[in-house]
Structure formats: C-alpha cells, structure tokens
1. Being among the β-branched types (Val, Ile, Thr) and touching a residue at least 40 places away in the same chain (Cβ under 8 Å): is that true of residue B:173 here?
2. Being of a type in the set (Val, Ile, Thr) and either closer than 16 Å to residue A:55 by Cα or outside the structural domain of residue A:235 (by TED's automatic domain parsing) (or both) is the filter; apply it to the range A:123-137 and report the residue that is surrounded by the fewest Cβ atoms within 10 Å (Cβ to Cβ).
3. Would you mind finding the one in B:77, B:22, B:90, B:8 that is more than 12 Å from every other protein chain (Cβ to nearest Cβ), more than 30 Å from residue B:259 (Cα to Cα) and either in contact with a Cys (Cβ under 6 Å, 6 or more places away or on another chain) or not in a strand (DSSP E or B) (or both)?
4. Could you list all residues from the range A:184-209 that are among the hydrophobic types (A, V, I, L, M, F, W, C) and either outside any loop (DSSP other than H, G, I, E, B) or buried (at least 20 other Cβ atoms within 10 Å of the Cβ) (or both)?
5. For the range B:268-285, which positions are within 26 Å of residue B:98 (Cβ to Cβ) and open to solvent by 40 Å² or more (accessible area, probe 1.4 Å)?
6. Which one is nearest to residue A:199 (Cα to Cα), of the residues in the range A:101-114 that are open to solvent by 50 Å² or more (accessible area, probe 1.4 Å) and in a strand (DSSP E or B)?
7. Assess whether residue A:277 counts as being modelled with pLDDT under 90, assigned to a helix (DSSP H, G or I) and within 14 Å of chain B (Cβ to nearest Cβ).
Amino acid sequence: MEIRPILSSLLRNRAGAVLVALQIAITLAIVVNAVYVAQQRLSHIGRPSGLDDQNIFSFWVNVYEKDFDYLGMVNADMALLRQMPGIIDATPMSQMPLSGSGSSTQFYSLPDKKGEKAPANYYLTDDHAVKTLGVKLSAGTTFDPNTIEYKPDPDQSWAPTAVITAALGKSLFKDEPPLGKTFYDDQGHPIRVIGVMEHMQGSWVGWDKLDHVMLTPRINPDATQYAIRTAPGEIDRVMADVEVALRKRDPNRVIATPMKKMSDMKLQSYAGDSLMAVTLSTVTGLVVIFSALGIFGLATFNVNTRTRQIGTRRAVGARKRDIVRYFMTENWLITSLGVAVGCCLALAAGFWLSTEFQLPRLDLYYLIAGVLGLWVVGQMAAWQPSRKAAKVSPAMATRTV
Amino acid sequence: MFGYYMQLALASFRRNPGLTSLMIFAIALGIAVCMITLTSYRAAANNPAGERGEILFSPSLDSWDPENAYDKDDKSLAPNQLTYRDAKALYASEIPDRKIITYKTGDIYTRPDKGMDPHYIGTRMTSRDFFAMFEVPFLHGGPWDAKADEGPEPVIVLSKEENEKAFGGENSVGKTLFWKGREFRVVGVLDHWEPMPKYFDVNNGAFQDMEGAYVPFAWGPILELGSHGNTNCWKTEIIDSFQAFLNSECIWFSAWVELRTADKQQAFKEFMDNYVIDQKKHGRFPRPLNNYLYDVDGWMKRNKVVQDDNKAMLIMAFAFLAVCLVNTVGLLLAKFLNAAPIAGVRRALGASRRDIFWQHLTESGVVALAGGIVGGILGVLGIWALRAWYGRFVEEATRVLPFDEKNFVIVVAIAVCAGLLAGLYPAWRIGRAAPASYLKVQ
C-alpha cells in the first residue's frame, strides 16, 4: 500500500493536517461525553411514572371563614365532581406526585426502630386515590370508605392501614409479599398493608427512592388539593367545567387557578434535565458538522494546491481509482491521528466530569461508537474532494496553474 | 497603515466570499453557544447584593442528627436552615448592626370592604431590618417601626404587584387587609423589587417568585403559621402542638446579620460557637462543633445556586468554541496560502515580513469581529428561542436567561481575542514565505 509516500507528503505539509486532527480529537471528546450525559438524562426523563400522568390535573382549595365545615365541603365537592361527564374519578390529595413538593418519613419493619428501615414519600388521600392516579394494584384492595380519617399532618399516629408500592414493600420486607404485613413508624405505631401498587413515582424526580410511596387514608383539614383524572383528550374541557361547577356550588372558598396539569408538573420537574439534553445534543450536532466542514476544507485545499502533482501522477500511469484512494487514505490517516488523541482526551474529560460533577464514569461503548462514527464522517467529508482530484486531467502536468 | 490593511482585508473577502462567510459563520456559532450558556451561568452567579454582600452574613449551626450528616454528598456542611429556638437565640445577640430572622409562608387574604377577590398571598415573616439590609425600595410609606416587631402590631408591607391586585395600585397606606380573622394595616408599599437570584432565600429556590406581603415575624407563633418552604426534621419527637413543633429540632428558619467590621464578624462567630457549646450542656447539638458564618457570595456557593449543570454546559460551550477556532485556523491558513502570490508581489515591491504579518493579522481580526457580532446576534436569538421553549417547563425561564447587554460585549471581546489568536500562526506563516517562489509561477 502507498502509505509511505502519503505520510512523507503529510509530514512536509503538516500544519493543516495537525489542525484537522486536533479538531477531530476535541470533537471526539465533546461528542462522546455529551452524548453519554444526554442519553442518561433522556432515560431519566423516560422512566415510567406508573401514573396516568397525561390525564390528571389538580388544584388547591382553601377557605378563609372561621368555623367553615371543610370536610363537608370536600365531600360535597367530591360527590359533584365524580358524576361530572369526562371525569373518571376524583380524590383529595395532600400533595401531588411529580410536583416537586411532598413529605417523607422513615418506617421500620419492626417496632422500636428495629428491623429494616426505609423512607416513604406519603400522601394523605382517600379510597378513590388508586383509580384517580391510574396506578395498578398488584395485590390487595384500596381503602374501605369508612376508614378515611379527618386529621391534620403531622399527627401523633398514622392511620392503621396503608397502600404501598411494591418497591417500598421490598425495602421493608425483602422477598416476602408485603400484603397483610405490618410495619411501624419511628414511635412504634403499627400500620398494616392492605394494598400493593405495582409501581408509582412520588414527588421528587431527583430522589433515589422515588418509587417508595405510601397512600394513607386521611384528609388534611383546611387545606387539600383536588386531584382529577379525565378521559383521554378531555382534560382541557373538564378543567374549565370543573372551575365553573365548583364556584357555582359554593363561592365562599378560594379555588387556586390556573389549575395544574400533572403533565406540566412532570415537564417542570425534568426541566433541568431537558435543557441539558437539548443543549448537549445541539452542541454535538454542530461540532460534528464543523469537523466534517474542516475535513472537507482541508481536503479541498490539498487537492487545489496539488493539481500539478495529481496531473503528473495521472500522466505517468496512475488510475483515477488510485488518486481517489490516495486522498481517502491520507484523510483516514489524519482522522486516525485525531481519533487516537481524541480517545485520550475523551477519557480524561470523562474522568474529570465524573469526579467533579459526580456523574457516572463514561461507558466505553460510547467511545467505540464515537471513533467509528468519526471515521465514517471523515471518509464521507473527503469523498467529494477526492472525486474532484480524480477528475484532474493528465494534461495538467504540462501546464502551469 | 491600519486603514490600508482594512481595505486589503475587505478586498480579500471579496475574492473568497464563500470561504470568508464560512469562517465568520464558524466563529459566530461557537460564540452564540457560548453566549447562551454564559447567560445562564452569569444569571446564577450574579450577586445582587453588590458590595453589601461582604457585610451581610447568614449563620449556619450544625444542629443535625449525630448519626447522619445533613448533606450526605458533602459531610462537612451544616444544615442551611435553623430551628426556631436557635434562630431566636441568634436574633437576641446585640453584636450585629442589623439582624433579621425570616421564613416564607402564605395564606388567603380578604378585604374587610369585600373590594378584592379573596386570594392566596405568599407572605414573608421577617422583622423591620429586612428592608434596610436588603435595600428594598419603597413606593409609599416605609418599614414598620421597631415597636411593631415586639408587640407584635398587625402591620403589613405589600409588594407593588400585590398592591395592584389588592388595591388597584393606589396608595394603600393606612388601609387594611383581613387575615386569620385579624385586620392588618398597610404601612408600606414596595416599588418593583426582584433581586435575582433571590439571595436571602436561595434554599427554597434561587429563582422563585418574590413574596407579595411582609409581616412582623412574631405573628408566626401567634397565628401558628408553618413554613411554605422546606421543613426538615431528623429527631424522633412527640410533636402534638404548634408549640411542640417550634421547640423541636425541625429546621425551617433563616437568619441574616449585618456586621460592618471584621471585629464584629469575629465577635459574632464566637457568639455562635459559645451558644452551641452552651446548648451542648443541655443535651442539644450532638454533632461536633461545626458552625459557619457565610457572606452572600459564600452562602450562594454553599447552596449551589450555580449548579453543576451550569458549569458543565459552559465548559462544553467553550470546548465547542475551541473546535470552531481550530477550524478557523485551518481555513485562514488555506486562504492565506492560496493568496500567497499576492503577498509575494507585495514583498517584492518592498513590504517587510512584519507588514505582511500585520496585514494578515488585521484580516483575521476583522473576520473575528464580524463573527463575534453575528454570533452575539445569533446568541440573542437563541436565548429568545430557548426562553420560549423553556418557558413551557418553568415560569422562571426569563429569570434564568435574562437579556444582559454586558454578555454581548463579553462574547464579542472573546471572539476578537480568539480570532487574533487563531490568526497568529497563519499570518506568521505567510509572512515567512519567500516571495521569489511565488513570483516565479506567475
């Protein structure tokens, strides 16, 4: 193969080649790390929530008159809401999942803070929560309507029953099925599991125990949110109807508007991740385009400055194929140099990112994919200039520029 | 001479408009990306307190769990809020020139004459010094007096925006709002005030909305107002009343002190340590002595107002700019070498190597300046587009990405410096070329 003459020609005119190689090296370092981080953010955003999060909305209902019958109001409102067209179910909730606001506390598998310990993100709600949130029960049932308490949070004891996620059950009871088991708060009050949810995400998407959720049968006096699940596609119409209907039923309370869709809460919770993913993908796209332009530019320049040389080679018997191969090989050598340096840069950048920003270490598959990708991009960018070189007529050898 | 070089540069652009546009576009894109990330970085790194940030301090005491540090990622940190008892104890100190304790709550307010729809008003519980310490501008009236803090008197200060909602924007000083069955008298109305980041309360969200009302702190325990921000607890305690909650180890208060001299700063730090040592005798503060007195800048760093993502994106943007510049060096080199015969003629007619060098460096500078300006404009467009997109997710999009003409100036300056740097090698190279070889082939 004709690598030696290519190399010696490259070495005689190395500035341009070194620049392109350097560009490829930095590109590889950026692309590999950016794609890796962006991919992690996207998979973070894409995790299933276990909720019917596209068809739920919620809003706070507050009162300001002394001695207002708050529970009476909640019950009357719920009765009204649950028979409205387009509404699948409605429930009072102390907080909303995916919203960024919530409460959590520690529970234990044995009394006196013994046994397995696990944190749970809890929601005060009623027997309609499971259907309203759209979560699937893998075992047990939802609450008995007669067990719903009307007590403030925090309070001395928990309601004696709970519906928990399978993940919380696993943390508390390991491999034993959680249904019917009892767990304890930090003061030893027992709570019995009457229902197990397959999966449900809680309030804080950045929390590593996001799927440790507990529903407790209680309504919080004086301030609660109404969560409403609508038939698919009906959410906007239902939101408008609900506001009118509730105001009409009793104008003497404050219904917080605009009401909030759970889909928007989810977008907001993941806003930082989305911004990061979009920024990194944009920069990745641009940097690849620029590297391709750089390679293209250098190859074109090389061809233009060497028309006489090419003409001479053609005149002494080189085929078009040989000319194309010459330039493609030259480009491949430059790309390879860049890629080699780039691997070191990418690994160094990945290591630095993982220590400085506590990100997971770069996955090497991304590096391999990046190297292959840049080789292909390099060859593609050099293809047109190489074809142009092959069209140089052998007669060029006899002409001056 | 410079004017002549400029003319030559423009002539050179006309010779290769495609290549020149490509270079300008390369620099512009790199600059635009830098400008966008720089904008969000600088918005978060901004210190709205200015010079006063050096004499305003937030104390932090390590009252946390003996078995677990407050922040599991950085175990050296103390909690970023205080318990009620500790906040009151620090507030009792006579050392500071000014002092406040504060937390955020909110509730439904009405107007006795029913002239306003009852609605929720985010309310900051604080004391009189708040307005002077954070240089809060007033439109009507002023802060409540010191007596009102102690009583406490039912007085309230409204933000400009809330005053518009509640009283249609008129001077409402002397009027009343109804809250929790009590009448609160308006003593002051603020002018528009929105320091970003919201540095006196970054632990509840650095870019959150300002509160609509300010009320003397002492009403908190009387009206049993819990926090509408973060509340964190670690201890197993019987909390069966609001009083028990106030006496618990739960943290939900911030304190700020103004300490104008180094002596006072030292004295207050000692006061904090002595307080904790004394409390240890009563069985509190089970962790080792670990107190901090942060100035505004330190407080924002401790609370990571500039997030790791901000930094990572900024670094990524500058790496991208580096690729664009390397690209530009390559293109400049190609362009100059292509035009080498012209330089050869100029050399033959008597131009020195230095002249050729300066001529080409000028050309690089002009390209970079054009790239910087185009990049700045692209950056503004990008910020505008990003705000529209990001605004779908979060209300504070415009605060996270504010327009700031300084950023434009900064990126154009970066572009010119970078462009001159990029032009150094190609200009030197062309200046060094022997004229004769180029003249021969003409």
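1. It is false that residue B:173 is among the β-branched types (Val, Ile, Thr) and touching a residue at least 40 places away in the same chain (Cβ under 8 Å).
2. Ranking the candidates gives A:130 first.
3. Every option except B:8 fails the conditions.
4. A:191, A:193, A:194, A:196, A:197, A:200, A:205
5. Across the range B:268-285, the qualifying residues are B:269, B:270, B:271, B:274, B:277, B:278.
6. Per the stated criteria, the residue is A:104.
7. Criteria not met by residue A:277.
Each row is one residue, and each column tells you yes or no for (1) assigned to a helix (DSSP H, G or I); (2) under 30 Å from residue B:248 (Cβ atoms).
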position: B:267; (1), (2): yes, yes
position: B:271; (1), (2): yes, yes
position: B:289; (1), (2): no, yes
position: B:300; (1), (2): yes, yes
position: B:314; (1), (2): yes, no
position: B:323; (1), (2): yes, no
position: B:328; (1), (2): yes, no
position: B:332; (1), (2): yes, no
position: B:337; (1), (2): yes, no
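The values are calculated or read from the model by the stated rules, or taken from the named source; none is laboratory data. Only a predicted model underlies this, so the values are computations on that prediction, with no experimental measurement involved. Because the Cβ atoms are built from the backbone with ideal geometry, glycine has one as well, and the counts that use them run over all protein chains shown. In case anyone asks, the SASA skips ligands and DNA or RNA and just uses the protein heavy atoms, side chains included. Shrake-Rupley method; radii C 1.70, N 1.55, O 1.52, S 1.80 Å.
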